[in-house]
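Data first, discussion second: the structure below is written as structure tokens.
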Amino acid sequence: MKSCIINRRNKTSANCDAIYRWLSSSSSNSKVASTQRLARRRLDVAIVGLPNAGKSQLLNVLTQSPVSAVSRKRHTTRQGILGARTLMDQNTQLLFVDTPGFLRRSDARTEGLQSMVSAANREMVNVDHTLLVVDAARGLTRDVKQTLAELMQQALLAQGRVEDAEDSDDDMDGDADDESANENEHGDDVHVSNDGYFDMHTQRLSIALNKVDLVYPKTDLLDIAMELSDIAEGLVKAQFSGEQHMLTEEQIDELLPPFFYVSALKDEGVDDVLQFMLNRATPCKTWDIDPEHSTSLTEEERVEEIVREKLYRCLHKEVPYSISQRNLLFEVRNDSATKKPGLLIHQEIIVKSRSHQELVFGAGGRTLERIRETAERDLAAIFTCRVVLQLNIKLMSKSKQRNSSL
């Protein structure tokens, strides 16, 4: 699946040709850079969108690791999660922040999730680029378009990543030269992407139309892209209308977001997104995540993510949203059968009522066992060893329930 950039001055034949070329072609593997010594590069990307647009699934595909919980329920992601994809042959690290599904503030108050709106906004401030994920199968209602416009506006106001000028890593090959050192004369933390006219007028937003495999006819995708492109054009013009030097039509075109047609579930079209991000990476002094890792989450936090995903998949209605988790044990032990190291993990699932306790347990304990078995299998794949996972259900005391409701 290929990307498509909507040209405002020719929204018919050229773009129809582009989308039909995309429909008739398959994703091609990105060409790798030559193995010559390259300056270290980096791009910080916020993945944003409405609830259940497929952001977490896309993050997991981009990082090639299940770093974020995925389910069909809204608001599975409760806090921003940092994932990374490091391509050593290109000496480049892409940092991805998967934000909670963006809500209109009125909806957030209704659902008691005000903090999630603020979290999504915060994550978008200090990034180099924003990837807006849109559920193409859902359609564009008035409310959806209004919320997507708010997200586009936030993306256009991004200030770029912040790096600690004093924090350099001389042990890693490929450090950028002095011209790309992101520091000032005082050694302060600095934004590395927003200094100067050129940087301020750099494309900061791209749009991924996700779940395209569910859209029929496929030409409907072009209508969605054109409608969103019109919204983006209006926002770009409004942002730069008061500047001393007005933007030319060509400059406006350069700021408009490219569109990618993807199915994160089927891993289709994602290579195009990845290559686009790699091309936009800029020189840096540091990588925030070890190149051998795909996330900043600790081992215990990854366990929580995996178990929480299974809770969302196996439970219904409001139950998963009122559950909390606590890791009791994460221990490396030798497997008595294979004589190889394995993991023994104990986690507590804390519920607020006896009815929820019964629902999590299930008839004859079958629901809890299904959660345990599927989580244990995923954890074994992540940690590449045998994992023994034990889950216990605990009823929250009434005093703690009162405190949590304050």
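The values are calculated or read from the model by the stated rules, or taken from the named source; none is laboratory data. On a predicted model such as this, the values are computed, not experimentally measured, just so you know. Neighbour counts are summed over all protein chains in view; Cβ atoms, including those assigned to glycine, are modelled from backbone coordinates with ideal geometry. For accessibility, only protein heavy atoms count, side chains too; no ligands or nucleic acids. Shrake-Rupley method; radii C 1.70, N 1.55, O 1.52, S 1.80 Å.
Considering 243, 227, 179, the condition of being at pLDDT 95 or above and surrounded by fewer than 17 Cβ atoms within 10 Å (Cβ to Cβ) is satisfied by 227 alone. Residues in segment 203-234 that are in contact with a strand residue (DSSP E or B) (Cβ under 9 Å, 6 or more places away or on another chain) and closer than 17 Å to residue 154 by Cα: 203, 204, 205, 206, 207, 208, 228, 229, 232. Here is the figure for segment 246-267: residues that are modelled with pLDDT under 90 and charged (D, E, K, R) total 4. Restricting attention to segment 102-156, the residues that are open to solvent by 70 Å² or more (accessible area, probe 1.4 Å), out of contact with any helix residue (DSSP H, G or I) (no Cβ under 8 Å at 6 or more places or on another chain) and at pLDDT 85 or above total 4. Checking each residue in segment 36-62 for being under 19 Å from residue 267 (Cα atoms) and open to solvent by 10 Å² or more (accessible area, probe 1.4 Å) picks out 52, 54, 55, 56, 57, 60, 61.
How about segment 351-374: which of its residues are free of Cβ contacts under 8 Å to residues at least 40 places away in the same chain and polar (S, T, N, Q)? Those that are free of Cβ contacts under 8 Å to residues at least 40 places away in the same chain and polar (S, T, N, Q): 355, 357.
Just the residues that are in a loop (DSSP other than H, G, I, E, B) and within 13 Å of residue 206 (Cβ to Cβ), please, taken from segment 218-248. Before you say what the answer is, go through the steps one by one.
At the first step, the residues of segment 218-248 found to be in a loop (DSSP other than H, G, I, E, B) are 218-219, 241-248.
Hits for segment 218-248: nothing passes.
Would you point out the residue of segment 183-214, among those that are in a loop (DSSP other than H, G, I, E, B) and closer than 22 Å to residue 256 by Cβ, that is modelled with the lowest pLDDT? Show your work before the answer.
Within segment 183-214, the subset in a loop (DSSP other than H, G, I, E, B) is 183-189, 192-196, 201-204, 211.
Next, from what is left, pick out any that are closer than 22 Å to residue 256 by Cβ: 193-194, 196, 201-204.
Working: 193: 48, 194: 42, 196: 34, 201: 59, 202: 75, 203: 83, 204: 90.
Restricting to residues being in a loop (DSSP other than H, G, I, E, B) and closer than 22 Å to residue 256 by Cβ, the top hit is 196.
Scanning segment 269-299 for residues that are open to solvent by 70 Å² or more (accessible area, probe 1.4 Å) and touching a Phe, Trp or Tyr at 6+ places or on another chain (Cβ under 9 Å) yields a single hit, 299. Any residue that is touching a residue at least 24 places away in the same chain (Cβ under 8 Å), over 18 Å from the mean Cα position of the chain (by Cα) and not in a helix (DSSP H, G or I) - is there at least one of those in segment 249-266? Yes; the residues of segment 249-266 include at least one that is touching a residue at least 24 places away in the same chain (Cβ under 8 Å), over 18 Å from the mean Cα position of the chain (by Cα) and not in a helix (DSSP H, G or I). Quick one: what pairs do we get from segment 381-395, first residue farther than 11 Å from residue 351 by Cα, second in a loop (DSSP other than H, G, I, E, B), C-beta under 6 Å, 6+ apart or different chains? Sorted first by the residue in segment 381-395, then by its partner, the pairs are 386/335. Does segment 232-239 contain at least one residue that is at pLDDT 90 or above, open to solvent by 60 Å² or more (accessible area, probe 1.4 Å) and farther than 26 Å from residue 288 by Cα? Within segment 232-239, not a single residue is at pLDDT 90 or above, open to solvent by 60 Å² or more (accessible area, probe 1.4 Å) and farther than 26 Å from residue 288 by Cα.
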